[in-house]
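Remarks on the structure that follows.
The values are calculated or read from the model by the stated rules, or taken from the named source; none is laboratory data. Quantities reported herein were computed from a predicted structural model and do not represent experimental measurements. Cβ: placed from backbone, ideal geometry, glycine included. Neighbour counts: every protein chain shown.
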Amino acid sequence: MAIATFLQRLRPTSDQDQHEQHLYRTQAQQFVTRIQAIFDRWLSLREVESDNSQLANAAAVSRWELMRMAGSLEQLSPPRSLAGMHRAVEQALLTSARACQLLANGYRGHKAEVVCDGQALLLDMVTEVNGLRGRLQMGA
């Protein structure tokens, strides 16, 4: 399979393939940008809000947004050459939603360990999303 992938990359891409790749990258970039906006909104709120119930609600809303985005992402059909990128964006959405779920549960239950786990996972995903953004832009 590795040889087939290598040979696929050596094959010149048609105008149609390039168009499909560009279209998918543009759509995926929109998802990545929306994920980043959710992170930024959360980090800003976390700096000023001290009420655990407000933080729990904000995290739950963020999780809901991310899961809706994951549903929308399923509707995209990536070109074969970008299937790995598609899986990476999908994984970033689902893992970010999991981080928000941990944060919501941790703040509701006043469990510092769960909050820390959620925050650590969210920060890991910030790094991952920044990497995805770079990979999407490199191909543009």
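The figures follow:
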item: Residue match in the stretch 66-84 (condition: at pLDDT 95 or above and in contact with a Gly (Cβ under 9 Å, 6 or more places away or on another chain)); result: no
item: Residue check, VAL61 out of contact with any helix residue (DSSP H, G or I) (no Cβ under 8 Å at 6 or more places or on another chain), in a helix (DSSP H, G or I), closer than 20 Å to VAL129 by Cα and modelled with pLDDT of 90 or more; result: yes
item: Which listed residue, of LEU94, LEU43, LEU82, LEU66, is under 21 Å from GLU128 (Cα atoms), touching a Ser or Thr at 6+ places or on another chain (Cβ under 7 Å) and assigned to a helix (DSSP H, G or I); result: LEU66
item: Flag for GLY131 being within 30 Å of GLN21 (Cβ to Cβ), at pLDDT below 95 and small (Gly, Ala, Ser); result: yes
item: Total residues in the stretch 112-134, condition more than 18 Å from LEU94 (Cβ to Cβ), in contact (Cβ under 8 Å) with a residue 12 or more places away in the chain and either surrounded by fewer than 13 Cβ atoms within 10 Å (Cβ to Cβ) or within 15 Å of the chain's Cα centre (by Cα) (or both); result: 0
item: Those residues of the stretch 45-76 which are of a type in the set (Gly, Ala, Ser) and surrounded by 11 or more Cβ atoms within 10 Å (Cβ to Cβ), in sequence order; result: ALA56, ALA58, ALA59, ALA60, SER62, ALA70, SER72
item: Of all residues making up the stretch 67-106, the number that are more than 15 Å from MET125 (Cβ to Cβ) and β-branched (Val, Ile, Thr); result: 0
item: Pair list, Cβ under 6 Å, 6 or more apart: the stretch 12-31 residue under 13 Å from GLY134 (Cα atoms), other residue surrounded by 14 or more Cβ atoms within 10 Å (Cβ to Cβ) and at pLDDT 90 or above; result: ALA28/VAL89
